[in-house]
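Okay, structure first, notes after.
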Amino acid sequence: MRATAQEQSCDEQKTAEMAERVRQGALDRQSRNVCQCAWRSGASFREGTTAACRISAMPHLARSICIFLLLARPDFSIAEATVEGRVELPKRQTAPVANKRYQVITKAGIIATDPPTAVVYLEGKFGTSTPARTQMPQKDLAFVTPLLAVRTGTTVEFPNLDDTYHNIFSYSKAKRFDLGRYRSDERPIPSQLFDQPGLVALHCDIHQHMRGVILVLDTPHFAKSDPDGNYRLSGLPAGRYTLKAWTNSATTLERSIELKSGATLRVDFP
Ligand SMILES: [Cu+2]
């Protein structure tokens, strides 16, 4: 692909900046990624591209610098990693019933889903979270999604989609709140900010059988497993981390892992 004059000019400026940074020894992780943006040739550019900065398409100086950076820093990473596998789930508590929704149950003080589900997440330092919003609706006297995983700093709205009142509350240490009684037309939709990591057990003051769980996690990288325990996390930064698999309030399995750029790692629990 040919670069336009503007791209060429931008490219030269970036290249000069890179050279200056190298000269000053100010080559932190962010600046090492400058070569990602040094060559923005329209549609061919994508952040995290695996084509080694599309080196072959670069002007000579940018190419030389990128090759130098690649050789000088073997831990340099621009491609995203994936981890996938299977979590051995606890045995289900009740016989399977066709078309029955999965639910949150409490047995001997242990909170779990039925059928069992795992939440797999990557623990590490991923920078501060940006405010996010999501919803946990109630319909037919149940939470539509009884198990919700969110990152710390997420505001969850609790819309009532029934023709009756609900009153969602929690006594959990990670978040204690009581929304009071509200109907479907309540505006703004009752909500809570989940600013502490941990498990938040949800109840309804009106319907005692209603159970829900919010797992508040200090990471943007998490996924629920399928009913067979299979999971997949993609778009992960390379590095050493702890991978955790929550299966109920008493059990969180963990493994130390090393993710490599552009590679898919297979991790089964246990
Ligand atoms: Cu209710």
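The values are calculated or read from the model by the stated rules, or taken from the named source; none is laboratory data. Model, not experiment: these values are computed from the prediction. Cβ placement follows ideal geometry from the backbone for every residue including glycine, while neighbour counts extend to all protein chains displayed.
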- Determine which single condition residue 184 fails, assuming it passes every other condition in (1) within 16 Å of the ligand (Cβ to nearest atom); (2) small (Gly, Ala, Ser); (3) touching a Ser or Thr at 6+ places or on another chain (Cβ under 7 Å). (3)
- Whichever residue in the stretch 149-181 is surrounded by 16 or more Cβ atoms within 10 Å (Cβ to Cβ) and of a type in the set (Ser, Thr, Tyr) and, among such residues, is nearest to the ligand (Cβ to nearest atom): 165
- Query: If only one of 227, 146, 137 is over 14 Å from the mean Cα position of the chain (by Cα), within 15 Å of the ligand (Cβ to nearest atom) and either within 30 Å of residue 242 (Cβ to Cβ) or surrounded by 18 or more Cβ atoms within 10 Å (Cβ to Cβ) (or both), which one is it?
  - Reply: 146
- Please work out which residue is nearest to residue 107 (Cα to Cα), limiting yourself to the stretch 192-210 and to residues that are away from the ligand (no atom under 11 Å from the Cβ) and in contact (Cβ under 8 Å) with a residue 40 or more places away in the chain. 201
- Inside the stretch 197-230, can you point out the residues that are outside any strand (DSSP E or B) and over 30 Å from residue 265 (Cα atoms)? 205, 206, 207, 208, 209, 210
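Yes/no matrix, rows are residues, columns are (1) within 19 Å of residue 80 (Cα to Cα); (2) touching a Lys or Arg at 6+ places or on another chain (Cβ under 6 Å):
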{"residue": "178", "(1), (2)": "no, no"}
{"residue": "232", "(1), (2)": "yes, no"}
{"residue": "249", "(1), (2)": "no, no"}
{"residue": "252", "(1), (2)": "no, yes"}
- Message: Would you confirm whether or not the stretch 187-200 contains a residue that is at positive phi and in the same structural domain as residue 146 (by TED's automatic domain parsing)?
- Response: yes
